[in-house]
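Submitted below is the structure of interest, expressed as structure tokens.
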């Protein structure tokens with residue numbers, strides 16, 4: 001069974017409700033949203049009406065293969081949850097369909113799928129950080145070994161009696177061995 005990587009959210013255009021919230025005045029907004037410098041990666045218009053709680057999307061998409069232009073005009077409902085100190089927090093209700101089942105998840109970010117805006121679960125997207133292995137990264141290993149060393153040092157308590165009749169006690173010898181192991185482990189990953 002082969003290991004494969006999923007598409008990542010960083011490669012998709014997204015619409016974050018938290019960023020959109022600052023443009024909403026008195027429960028209403030009519031604005032154009034775009035991506036990239038000078039909206040060179042595309043833009044679209046949206047109308048936000050919190051009295052209905054919904055967002056209306058209006059945009060056109062051109063098929064890269066056929067050059068055919070298709071217009072879209074649809075509404076995505078919003079869900080509201082009460083905040084502890086007053087006010088409301090709004091969420092998108094995803095209208096995507098995955099495996100024949102309506103999603104209807106409450107999400108903060110929608111991604112430009114093909115052709116509608118849906119949540120990352122419907123597009124089967126992952127985060128880039130979830131697909132990177134950290135165990136072969138030298139910086140990670142150095143950091144891990146340092147934390148391991150500090151953890152060992154925290155566990156070690158210097159014995160009260162270090163010597164008895166001129167020779168080190170058994171407890172002090174164990175303490176010195178553990179201290180040396182922690183030091184060697186940290187030194188091994190730093191070189």
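Using the structure shown, decide if residue 171 is assigned to a helix (DSSP H, G or I) and at pLDDT 85 or above. Steps first, answer last, please.
Working: assigned to a helix (DSSP H, G or I): yes; at pLDDT 85 or above: yes.
So residue 171 passes the test.
Take residue 76 and decide whether it is out of contact with any helix residue (DSSP H, G or I) (no Cβ under 7 Å at 6 or more places or on another chain), in the same structural domain as residue 120 (by TED's automatic domain parsing), modelled with pLDDT of 85 or more and surrounded by 13 or more Cβ atoms within 10 Å (Cβ to Cβ).
Considered against the rule, which asks whether it is out of contact with any helix residue (DSSP H, G or I) (no Cβ under 7 Å at 6 or more places or on another chain), in the same structural domain as residue 120 (by TED's automatic domain parsing), modelled with pLDDT of 85 or more and surrounded by 13 or more Cβ atoms within 10 Å (Cβ to Cβ), residue 76 comes out as yes.
Another question, then. Take the conditions at pLDDT 80 or above and either part of a strand (DSSP E or B) or exposed (fewer than 15 other Cβ atoms within 10 Å of the Cβ) (or both) and apply them to residue 48. Does it pass? Talk me through it step by step, then tell me what you get.
Details: at pLDDT 80 or above: no; either part of a strand (DSSP E or B) or exposed (fewer than 15 other Cβ atoms within 10 Å of the Cβ) (or both): yes.
No.
The values are calculated or read from the model by the stated rules, or taken from the named source; none is laboratory data. Note that the structure is a prediction, hence the values are computed from the model and not measured. Counting neighbours? That spans all protein chains shown, and the Cβs are built from the backbone with ideal geometry, glycine included.
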